[in-house]
Amino acid sequence: MSETEIKSIQWFPGHMAKTRRAIKENLSLVDAVVEIIDARIPLSSQNPEMGRMTAGKPRLFVLNKRDMADSSVTDKWISWFRSRGIAAVSMDCKTGKGLKSFTAALENQVLKDLLETRRSKGMSGTPTRVMIVGIPNVGKSSFINRMSGSKKAKVEDRPGVTRSKQWVKLGDRIEMLDMPGVLWPKFDDQEVAKRLAFTGAIKDDILDTETLAMLLLEYLAGNYPEMLKARYKMDTTTEMKGLELLELLGKKRGMLISGGEVDTERAAIMLLDEFRAGKIGCISLERPEDDQNG
């Protein structure tokens with residue numbers, strides 16, 4: 001267990017409460033729910049309330065940002081979902097890799113029975129309607145824009161941007177209802193909150209950036225030390241603690257202030273920015289074998 005501690009992370013803006021109500025109110029309009037999650041944190045980026053809010057609707061999980069995740073770990077996650085009878089595909093919405101798998105999974109797995117019933121009744125021309133949900137900053141807008149070939153959904157690399165629902169057509173067959181990103185009222189598991197903070201799903205202005213960077217460095221030193229060495233020329237050990245790692249990083253990057261002291265705040269901001277931009281490497285922050293719920 002890390003000696004580096006971070007204060008309890010909580011974030012639930014008012015517009016997110018409205019989104020929860022909107023999801024419930026619009027559920028009857030759609031045939032299925034597509035939840036976009038972050039391939040780096042497939043469990044932590046799921047909203048645990050979504051299952052209850054969308055009860056009864058078929059669901060498809062899209063593990064987005066796969067190009068930023070450890071590919072071998074992502075493959076394990078896809079197998080993990082499917083072994084539990086859960087439809088899941090992986091893709092990178094910015095480059096378009098894996099997009100073809102979405103329509104195939106939706107029509108041949110998730111809604112196969114519904115579509116066969118419609119065909120038997122002569123209703124094959126009826127468009128499929130799906131609700132697109134996900135927590136902030138998982139790439140919902142990028143997904144919709146890439147799938148529809150348009151710029152209808154606003155995209156910004158910060159949480160909490162999409163504020164209102166909107167319908168977007170995907171050809172003649174699929175209509176997507178984009179819902180604003182929504183977290184849950186309280187993070188009971190601070191490990192989950194920490195991973196969300198690493199990826200930028202929670203606004204940085206409510207966090208201690210230096211402590212967050214120390215925790216990330218401890219994880220990277222324990223799981224991806226070769227990437228720290230390649231990117232920052234850092235020789236690390238699993239025994240090194242957060243502050244020691246952050247100061248080493250600052251020294252390697254020449255981030256010194258008067259008296260030769262390391263500017264740890266500057267080093268922390270740089271580390272988090274580079275991690276979120278994928279500059280350090282393809283990194284997964286959780287693995288199927290770590291799941292305690294089986």
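Structure values in brief
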item: Selection count where residues are in contact (Cβ under 8 Å) with a residue 60 or more places away in the chain, among the aliphatic types (A, V, I, L, M) and buried (at least 19 other Cβ atoms within 10 Å of the Cβ), scope the range 77-117; result: 3
item: Residue check for Lys251: surrounded by fewer than 20 Cβ atoms within 10 Å (Cβ to Cβ) and touching a strand residue (DSSP E or B) at 6+ places or on another chain (Cβ under 8 Å); result: yes
item: Matching residues in the range 199-214 - criterion: being buried (at least 22 other Cβ atoms within 10 Å of the Cβ) and either in the same structural domain as Cys282 (by TED's automatic domain parsing) or hydrophobic (A, V, I, L, M, F, W, C) (or both); result: Ala201, Ile202, Leu212, Ala213, Met214
item: Index of the failed condition, Thr54 passing every other in (1) touching a residue at least 40 places away in the same chain (Cβ under 8 Å); (2) farther than 29 Å from Asn223 by Cβ; (3) out of contact with any helix residue (DSSP H, G or I) (no Cβ under 7 Å at 6 or more places or on another chain); result: (3)
item: Those residues of the range 72-105 which are among the hydroxyl-bearing types (Ser, Thr, Tyr) and more than 15 Å from the chain's Cα centre (by Cα), in sequence order; result: Ser72, Ser79, Ser83, Thr95, Ser101, Thr103
item: Boolean, Ala104 is of a type outside the set (D, E, K, R), closer than 20 Å to Leu43 by Cα and assigned by TED's automatic domain parsing to the domain that holds Arg146; result: no
item: Residue list for the range 24-40, filter: surrounded by fewer than 22 Cβ atoms within 10 Å (Cβ to Cβ) and part of a loop (DSSP other than H, G, I, E, B); result: Val30, Asp31
item: Sole exception among (1) closer than 26 Å to Ala22 by Cα; (2) in a loop (DSSP other than H, G, I, E, B) for Gly85, by number; result: (1)
item: Contacts under 7 angstrom Cβ, first residue in the range 268-284 being assigned by TED's automatic domain parsing to the domain that holds Gly250, partner surrounded by fewer than 16 Cβ atoms within 10 Å (Cβ to Cβ) and among the small types (Gly, Ala, Ser), 6 or more apart; result: Cys282/Ser71
item: Selection from the range 96-147 of residues that are assigned to a helix (DSSP H, G or I), polar (S, T, N, Q) and more than 15 Å from Ile36 (Cα to Cα); result: Asn108, Gln109, Thr117, Ser120
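Yes or no, residue by residue, for (1) at pLDDT 90 or above; (2) assigned to a helix (DSSP H, G or I):
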position: Ile6; (1), (2): no, no
position: Trp11; (1), (2): no, no
position: Ala17; (1), (2): no, yes
position: Arg21; (1), (2): no, yes
position: Pro42; (1), (2): yes, no
position: Pro48; (1), (2): no, no
position: Leu60; (1), (2): yes, no
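The values are calculated or read from the model by the stated rules, or taken from the named source; none is laboratory data. It should be emphasised that the depicted structure is a prediction, and the values quoted were computed from it without experimental measurement. So basically every Cβ, Gly included, is an ideal-geometry build from the backbone, and we count neighbours across all protein chains shown.
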